[in-house]
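Report on the structure given below.
The values are calculated or read from the model by the stated rules, or taken from the named source; none is laboratory data. As the structure is a prediction and not an experimental result, all values here were calculated from the model. When we count neighbours, we look across all protein chains shown, and the Cβ atoms used for this are built from the backbone with ideal geometry, even at glycine.
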């Protein structure tokens, strides 16, 4: 079995979907894989360390075409040219696209030209965002019709595909992300609220963008500090909102409470999970762009460490947080609701530890990457067999 995956971007550039693809491929057995993607700083060292092949091209958008929403045209051209060469040389059994746009149309053309089945990955943010533009929505529907199978990371994404693009449910496979094995290491198991002698610690991990909800946690801190003196809040990640968040910290006088770490190496990230008492990322949907949380891998990473979690009540968290069992889902736009949820956890060690234990058990039994990759491998075999019988879409 040979798989060709075209994706607009890939590790080491951070992002939840890139982690998702990498872990599927890392644990996929019996399949030779080639990933075709764009160049990124530090990619050579990363690529050499992988058990699957990665080929990179310079894929640059045309800024001057952005006003007419055609900035992806050069990316399409570069992907198509590189994809044609890869198809002839690698001869894959299945062609996969990591995104509906821009890789979806190119992968669909390659699959049709070489009579191979198409597998499409998408996440909740794609239907919500692309449906705001008529031509992109039409292009996306065409790609979905060409796909033999569409893989999504959450039930929310499946529902959006049916609602916005009328994709038949039987064509969609929900493959919830897994958790990397290092997050199950007993040495990094959190002990939430177990030590009354030390200050409580809140942790957020994620890209610093508005919809993740860091600013709401910051606004909630003054009220929380009245109840939990010495409270510490650690923000792990990078992004365009960092300057604004730092200004908020200064405005609220939280310099001794909030710590920005930037992007951490894996070992340091494990330590941050282990030393924390509550994980909070009260995410919201962005009404201006349609951007939404696809799944929220960091919620299940935190759960694997035995941390209780607080997340927004967006559809993207419904599979990642078992509300009232592994943590709490609240209105992520409400400072009072976020403060109340965090205070409920930090003020009740028995509840915090119960949420943490159930989250750990949930991750251990349902969310390990080898099992996720095994199901993905079965899917590839099924669509390849169907194609060999002349049933390509």
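At-a-glance table
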item	result
Positions within segment 242-271 being part of a strand (DSSP E or B), over 11 Å from residue 205 (Cβ atoms) and in contact with a helix residue (DSSP H, G or I) (Cβ under 8 Å, 6 or more places away or on another chain), in sequence order	258, 260
Check on residue 117, out of contact with any strand residue (DSSP E or B) (no Cβ under 8 Å at 6 or more places or on another chain) and surrounded by 14 or more Cβ atoms within 10 Å (Cβ to Cβ)	no
Residues that are on the phi > 0 side of the Ramachandran plot and surrounded by fewer than 17 Cβ atoms within 10 Å (Cβ to Cβ), drawn from segment 152-198	166
Count of residues meeting criterion [under 29 Å from residue 141 (Cα atoms) and touching a residue at least 40 places away in the same chain (Cβ under 8 Å)] in segment 351-381	9
Residue within segment 78-92 that is at pLDDT below 80 and surrounded by fewer than 24 Cβ atoms within 10 Å (Cβ to Cβ) present	no
Residues satisfying the stated conditions in segment 199-220, i.e. surrounded by 24 or more Cβ atoms within 10 Å (Cβ to Cβ) and farther than 15 Å from residue 311 by Cα	200
Subset tally (residues that are outside any helix (DSSP H, G or I) and closer than 11 Å to residue 98 by Cβ) for segment 5-37	10
Pick from segment 43-77, criterion modelled with pLDDT of 95 or more and out of contact with any strand residue (DSSP E or B) (no Cβ under 7 Å at 6 or more places or on another chain), ranking: farthest from residue 116 (Cα to Cα)	45
Residue ranges of helices (runs of 4 or more DSSP H) in segment 278-393 with at least 1 members more than 20 Å from residue 187 (Cα to Cα) and over 16 Å from the mean Cα position of the chain (by Cα)	335-346, 349-366, 369-388
Those residues of segment 229-241 which are outside any loop (DSSP other than H, G, I, E, B) and out of contact with any helix residue (DSSP H, G or I) (no Cβ under 9 Å at 6 or more places or on another chain), in sequence order	232
